[in-house]
Amino acid sequence: MPPEERISIGLWSELPPGARWTHEGVSRVVGFLVEGAAAGQKYKFHVVVPRGMGDTVRDDLRDLNAIEGVDWQVWEPSEEDEEQVGKPDQGGSVDSNRHLAEFANENVPVEAWVVTFPHFEGSLALSKPKATLFPDAIPYDFPLGWNDNESWTEKGGWPKWRNQATAVMKDSHAVITFSKHVAVRHAGPLCEVPKEKIRVVPLAPPDLAPILPFLKDRTQTPASRRSAADVLRDYAADEDIDYLRYFPFEEIDFVAAATQDRPTKNLHLTADAVRLIVRQKRRSMKAFLTARLHWGAPWTRLPNIVEAELFNRDLISMPDLPRAVHAALFHAASVVVHSSFFEGIIGALPFYEANSVGTPALIASGPHIDELLEIEPDIKPFIYDPYDAGRLADLILDTVHNRRDYAVAQRQIFRRVSKHTWSDVASLYAEAALEGVRTSADQGTEAK
């Protein structure tokens, strides 16, 4: 479809300047949607963000296989825009998110909106119909480790989040979840979303292969692993990470794990499994994590494993990796491990990402895996108990010894699940948002 004939859909974000964007869960989904729009050539996504956040989002989206101005566009109000709409409310403060919506209503040419988080209550002031994403409400299942105890008081952060999310989704024509288990467990019982309003749209598997020009047929070879190692060494040199500047990534066995350290991610199990391999089984193994180490945090055991076991040269943190470096880390790895207790999606993004670049992956069981098993029972051999570090250690070593067999089996799984594309997801999101346009038109016709 020619660019001028594409249907424009807004993507609403209230993340403030300085907030994490690159590599964060829903922000990554925004990137995948943009690439889906580029592939499908039916929709154009307009990303609206608060003033000061635009450059961060543009820099991230410009790394995608999509064209700025054709497949996507970022909008943020100027200082002059904010002065025009920034009238103090009765309390004397400025409701910046409501004013962001006023800016969007006036300037952003979209048919409908997709609200990227359910607690973004500035979206209540949007004049066009909207669908709202509901990724999950994980803190209500895993309450420890999210800020402090005051977050759970009557007027604390999480009860406030629930009230905001409930109001936004009540005002939306559709609510999109990534999985059935979130729809059943969180959206309905917790936030009072009627079943008929929920649209379950599973995410498509991310494909990192196009980022690595040296990768052929999703297969690791000595040459491709060396090229990936060169990417990692160049990054280490640019970032002045002396220990990794000349590190022989292609000559050793190592585990890669890509997620933030949060109460549900169970990264200490991955670390403990590697510790068992090195200290008890006397095998050479490293672990490279993209998580930051939260020293002194009472809810995570990860830093304690590093400190108490003197493990700082066996477990190495590499946070905030650029897309190409992240892909190179996964390709060079012997195995990717994802120890999460709970994901809001079906399956786990690191599992798919690893498969896409020819690296086998191991995943901890949980409701997100139970739902994947319904459609892909062949993943069963690659699943482990999220409380059993010994079993994970054995699986890691078995994967290293039989890497080719694991990689071939998972490549077949990836091929099957990839029949559901990001173009499909982008279309389903857009259609969910546009349901409100049709409903409004029908109501107008009936009124006449």
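Laboratory data are not the source of any read-out in this text; all were calculated from the coordinates shown. Please read all numbers here as calculations on a predicted model, not as lab measurements. Glycine gets a Cβ as well: all are built from the backbone with ideal geometry, and neighbour counts include every protein chain shown.
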Relative contact order of the stretch 209-417 (C-alpha contacts under 8 Å, at least 6 apart) in percent is 23
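I'd like to know how the chain sits against the 2.2 N^0.38 Å rule of thumb: what's its Cα Rg over that expected value?
Working: Rg = 22.6 Å, N = 448, 2.2 N^0.38 = 22.4 Å.
Here the answer is 1.01, to two decimals.
Tell me the mean residue ellipticity at 222 nm calculated for the chain from its helices only (DSSP H runs of n ≥ 4, each -39500 (n - 2.57), averaged over every residue, nearest 500).
Values: 15 runs with 175 residues, N = 448.
That comes out to -12000 deg cm²/dmol.
Taking other Cβ within 10 Å of each residue's Cβ, how do 98, 404, 283 sort, fewest first? List each step's numbers first, then the result.
Values: 98 19, 404 11, 283 15.
Ordered by Cβ neighbours within 10 Å, fewest first: 404, 283, 98.
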Starting from the Cα of residue 151, step 7 Å along the direction of its Cβ; do the same at residue 394; then give the gap between the two resulting points in nm.
-> 3.6
Express in whole angstrom the spacing between the alpha-carbon centres of the stretch 320-351 and the stretch 1-52.
-> 22
Fewest-first ranking of 56, 177, using other Cβ atoms within 10 Å as the exposure measure = 56, 177
Hey, fewest Cβ within 10 Å first, where do 435, 239, 196, 35 land in order?
-> 196, 239, 435, 35
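To the nearest 20 Debye, how big is the dipole of the stretch 209-417 about its Cα centre, given +1 on the beta carbon of each Lys and Arg and -1 on that of each Asp and Glu? Could you put the intermediate results ahead of the total?
On the way: 25 positive and 28 negative charges, 86 e Å.
The dipole magnitude comes to about 420 debye.
Once the convex hull of the alpha carbons of the stretch 147-231 is built, what does its volume come to per residue, in cubic angstrom?
Numbers: hull volume 15.5 nm³, N = 85.
Each residue corresponds to 183 Å³ of Cα convex hull volume.
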If each of residue 226 and residue 281 carries a label point 7 Å out from its Cα toward its Cβ, how far apart are those two points in nm?
-> 2.9
Amide N proximity, the stretch 258-275 versus residue 292 label position 7 Å along Cα-to-Cβ, cut-off under 15 Å | 259-263
Could you work out how far apart the two model spin labels at residue 167 and residue 299 are, taking each label as a point 7 Å from the Cα in the direction of the beta carbon, and quote it in nm?
-> 2.4
Highest-fluctuation residue, 426, 389, 223 considered, GNM on the chain with Cα pairs under 10 Å = 223
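If you count, for each residue, the other Cβ atoms within 10 Å and average over each peptide, how do 152-162, 333-343 line up from highest to lowest?
333-343, 152-162
Could you order peptides 375-384, 358-367, 247-256 by the average number of other Cβ atoms within 10 Å of their residues, highest first?
Numbers: 375-384: 15.0, 358-367: 23.9, 247-256: 18.2.
Order by mean packing, descending: 358-367, 247-256, 375-384.
Give me the net charge of residue 123's neighbourhood, meaning all other residues with Cβ under 11 Å from the Cβ of residue 123; Lys, Arg count +1, Asp, Glu -1.
Working: positive: 98, 128, 130; negative: 14, 121, 171.
My count for the surroundings of residue 123 gives 0.
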Under 10 Å, Cβ to Cβ, from residue 392 - net charge with Lys/Arg +1 and Asp/Glu -1 | -3
The relative contact order of the chain, taking Cα pairs under 8 Å that sit 6 or more residues apart, comes to a percentage of 17
Would you mind listing how long the stretch 1-80 runs along its three principal axes, going by Cα atoms, in whole Å with the largest first?
-> 36, 31, 17
Whole-Å distance linking the alpha carbon centroid of the stretch 141-212 with that of the stretch 216-233 is 38
For residue 75, list long-range residues whose amide hydrogen, built 1.01 Å from N in the peptide plane, is under 5 Å from its own amide hydrogen.
-> 47, 48, 49
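Where does each of 66-79, 130-143 land if you order them by average Cβ count within 10 Å, highest first? Before the final figure, lay out the partial values.
Working: 66-79: 17.6, 130-143: 21.2.
Averaged packing, sorted descending, gives the order 130-143, 66-79.
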